[in-house]
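The values are calculated or read from the model by the stated rules, or taken from the named source; none is laboratory data. From a predicted model like this one, the values you see are computed outputs, not experimental measurements. As a convention, Cβ positions derive from the backbone with ideal geometry for all residues, glycine included, and neighbour counts pool all protein chains shown. Ligands, DNA and RNA are stripped out before the accessible areas are found, and what is left, the full protein with its side chains, is counted by its heavy atoms. Shrake-Rupley method; radii C 1.70, N 1.55, O 1.52, S 1.80 Å.
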Amino acid sequence: MVWPTEYDTKLSEYDAMELPGQQLPAANAYTPLDHVLNLDIKSPAGCQRLTGIIASIGKSSNDLETMEKMMAAGMNIALLNLSFGTREEHIETIKTLRQAAKNYSVVVGKNYPLAIAARLPGRKMRTGNISDTYEEPVELISGEIVRLTTDALYKDRCSSSTVYVDFIHFAEQLKKGDVILLDNETIQLKVEIISNTTLTCKIERGGFLGSNKDVFVPNVVLKIPTYSEKDKAYIDMAVHHQLDIIIASFADSGDSIIELKNAMGEKGKKIAVVANIQTLEGYRNYDEILEEANGIMITRQELGSDISPKKLVIAQKNMIARANKANVPVCLCAQLLSSMRYSKIPLRAELLDIANCILDGADALVLSAETAVGICPVDTIACMANACKESEACVWTKQVFHDFVDKTPVPCEQSTAIAMAAVLASYRSMAAAIIVITTLGKSAFEVAKYRPRCPIIAITRHVINARQMHLYRGIIPLIYEATPDADWQIYLEQRINFSTKWAMQRGFVRVGDPIVLVCGWKQGSQFTNTMRIVYATADIGVS
């Protein structure tokens, strides 16, 4: 979740007894039908968005001013797609992002914890460059023949008759009749003849092909090294520049995540690893991936091609639920607001897709080409933020809470029991926020699992942990930089008052609003055992 933005409504604009975004008759319903029947279009959305927004950086957004505006509009995590551009270009982008975060921190008066994520190329295969039309797309016509070759002579000489593919063993691992998809499934080919370096294919579904487009073979497990030399160079770059998140593309087993963590070494142990599920093999091994990864990204484009588009809805719902149960943050990628790449107005179907992702339980949503090369990256983020807030009000949190409580083993750890109690207390007291005093974020993650309707302010001294908290639904990471007091109770009250003052300044906590506090009995991690309800006071304190 992002900090309050200039687009958010202030809670002070509502009656003192009203908390927008609650949809209380629907939220407190006893049956699914009653829940839906009680949804009210006149009920205002919440002041604070709970779903994270991950935005890709590209030529449309790779400048200081635009990055600052993207943060102001609601960008939590900036994503670098390492499949495009050079190492030097990505290093410059990292520097620009960090400068933009510093500038925005001055604007908001606090250290803004923008996370930077890098998406490894992984096993992604791509075509070469179009040559004979000055890099304009060439048309592949249905019914005609095209050759796919791994001969490097054609890397920059692709045409309507011959297309280069950058995996040298591509031809030898396919067989006659296999289907090949180009450019996000736009073009479909069928293998007819195979030679050492070349596949002669019939064009079953034609279209226009540009340079460096993706190549995907559904229902075929290609023997490609998990991480290429190019990947390893980018892993070293991510560790050297201490990025916050690395996304492992085409993760298909728990071993692939372990291999990446080993490659990062001791210096990269604080970097969160997110597994990108894009294949049927990744779906089959999903449970073991959940055990090893710090987060999940579901890229629906390739996954839908591999398991068939008609099964994608089942896979999405099932995988999100399994990640929620394991309390591993999960984000959705591909075609969420594709129309806004070329337009400032989204399709209604896209808004409904966003809503369904949130209702399914997604922690964050990913914008790809929309913000990387789209015409209006800032407007796109603002649009998604508003759509998220409206959708979050429709979540039947009462039932979600009871479902996760039922799935919690008995007996549970004290921190888990405190998290459940805190969320229940927030429902019953109509709390404006839950404040969690945390070291590494684990206490905040446990609270987030039980899906409170109000935001979770997680206050920590650890900057990289604060940035990674953006992966989890509902968490607002807040960095406390003042010198700690030697007395734990005094230090605790200082951080509580700091958080409350900030929340009141940002307009989502008012005087008299209840706040649920979650903290430990002593300093350090793994001591969380206290939950209490306090009320915000006019002198910027709690009582």
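Report the relative contact order of the stretch 327-453, percent, no decimals, based on alpha-carbon pairs under 8 angstrom and at least 6 residues apart.
Relative contact order comes out at 24 percent.
The 1.4 Å probe gives accessible areas that order Glu390, Glu13, largest first, as Glu13, Glu390.
Angle of helix 488-505 to the longest C-alpha principal axis of the chain, folded into 0 to 90 degrees and rounded to 10: 70°.
The candidate values were (i) 54; (ii) 64; (iii) 57; the one computed from these coordinates for percent of Cα pairs over 29 Å apart carries the label (i).
Solvent-free Debye calculation, one equal scatterer per alpha-carbon of the stretch 422-480: log10 I(q)/I(0) at 0.16, 0.17, 0.24, 0.29 Å⁻¹ equals -0.41, -0.46, -0.86, -1.17. Take the stretch 67-153 with all the other protein chains still there, run a 1.4 Å probe, and you get 42 Å² of accessible area per residue. Quote the Stokes-Einstein diffusion coefficient, in whole µm² s⁻¹, for the stretch 27-106, based on the Kirkwood radius over alpha carbon pairs, a temperature of 10 °C and a viscosity of 1.306 mPa s. For the chosen part, D equals 103 µm²/s.
Using 0.36 nm per residue and subtracting the Cα-Cα separation, the extra length available between Lys270 and Lys501 on full extension is 80.1 nm. In this label model, Asn28 and Ser308 are separated by 4.6 nm, measuring between points 7 Å along each Cα→Cβ vector. List the pairs from Lys344/Lys389; Lys176/Lys311; Lys190/Lys213; Lys102/Lys317 whose alpha-carbon separation is above 27 Å, in the order I gave them. Cα-Cα > 27 Å for Lys102/Lys317; rest within. Between the Cα long axis of helix 254-264 and the first principal axis of the chain there is an angle of about 80°, rounded to the nearest 10. Extension gain, Phe84-Arg205: 0.36 nm per intervening residue step, less the Cα-Cα distance, totals 40.9 nm. In the chain, the calculated helix contribution to ellipticity at 222 nm averages -10500 deg cm²/dmol per residue, counting -39,500 (n - 2.57) for every DSSP H run with n ≥ 4. Rounded to the nearest Hz, the phi-derived 3J(HN,Hα) couplings of the stretch 84-92 under the Karplus curve 6.51 cos²θ - 1.76 cosθ + 1.60 (θ = phi - 60°) are 10, x, 9, 4, 5, 5, 5, 4, 5, where x marks glycine and proline. Taking all protein chains together and a 1.4 Å probe, the residues Val107, Val395, Val36 rank Val107, Val36, Val395 from largest to smallest accessible area.
Its alpha carbons considered, the stretch 267-330 gives a radius of gyration followed by a Dmax of 11.9, 43 Å.
Take the Cβ atoms of Gln489 and Leu37, set R0 to 51 Å, and the FRET efficiency comes out at 0.60.
Would you mind getting me the FRET efficiency between Ser343 and Glu139? Use the beta-carbon distance for r and R0 = 25 Å, nearest 0.05. That pair, Ser343 with Glu139, gives E of 0.55. Between Val107 and Lys155, the modelled label-to-label distance comes to 4.1 nm, taking each label 7 Å out from Cα in the direction of the beta carbon. Within the stretch 420-526, the GluC sites (Glu not before Pro) that combine a DSSP coil assignment with at most 12 other C-beta atoms in a 10 angstrom radius are Glu481.
Coordinate range of the alpha-carbon atoms in the stretch 408-519 per principal axis, descending: 39, 28, 28 Å.
Note on the stretch 122-205: Rg/Rh from Cα positions, Kirkwood definition for Rh, rounded to two decimals, is 0.93.
Close amide H contacts of Asp178 (hydrogens built in the peptide plane, cut-off under 5 Å, sequence separation of 5 or more or a different chain): Val191. The trypsin sites (Lys or Arg not before Pro) found in the stretch 49-79 that occupy coil by DSSP, while having at most 15 further C-beta atoms within 10 Å, are Lys59.
What the phi angles of the stretch 442-454 give under the Karplus curve with 6.51, -1.76 and 1.60, with θ = phi - 60°, is a coupling list of 4, 5, 5, 5, 5, 5, 4, 4, 8, 6, x, 7, 9 Hz, glycine and proline written as x. Geometric descriptor of the stretch 282-440, per residue, is 154 Å³ (volume of the convex hull of the Cα atoms). Share of carbon and sulfur in the accessible area of the chain stands at 53%, probe radius 1.4 Å.
Given 5 Å bins starting at zero, what is the percent of C-alpha pairs of the stretch 383-470 in each, up to the one with the largest pair distance? Spelled out per bin, shortest first, that is 2, 13, 22, 22, 20, 14, 5, 1, 0. For the Cα trace of the stretch 1-153, dividing Rg by the Kirkwood Rh returns an Rg/Rh value of 1.16. All distinct Cα pairs of the stretch 70-181 go into the 1/r average, and the inverse of that average, the Kirkwood radius, is 17.6 Å. The share of alpha-carbon pairs in the stretch 135-291 lying farther apart than 23 Å comes to 47%.
Could you state the per residue volume, in Å³, of the convex hull enclosing the Cα atoms of the stretch 211-274?
In the stretch 211-274, the Cα convex hull volume per residue is 110 Å³.
Of the residues Arg532, Arg473, Arg428, the one with the largest accessible area comes first in the ranking Arg428, Arg532, Arg473, computed with a 1.4 Å probe on protein heavy atoms. Couplings 3J(HN,Hα) for the stretch 368-383, derived from phi with the Karplus relation 6.51 cos²θ - 1.76 cosθ + 1.60 (θ = phi - 60°), are 9, 4, 4, 9, 6, 10, x, 7, 8, x, 5, 4, 5, 5, 4, 5 Hz, where x marks Gly and Pro. With both labels modelled 7 Å from their Cα along Cα-to-Cβ, the Arg428 to Glu229 distance reads 6.4 nm.
For the stretch 158-234, the list of trypsin sites (Lys or Arg not before Pro) that fall in a loop by DSSP and count at most 15 other C-beta atoms within 10 angstrom reads Lys175, Lys176, Lys223.
What the Cα atoms of the stretch 343-383 give is an Rg and a Dmax of 10.8, 29 Å. Extents of the stretch 330-400, taken as max minus min of Cα coordinates on every principal axis and listed largest first, are 40, 21, 18 Å.
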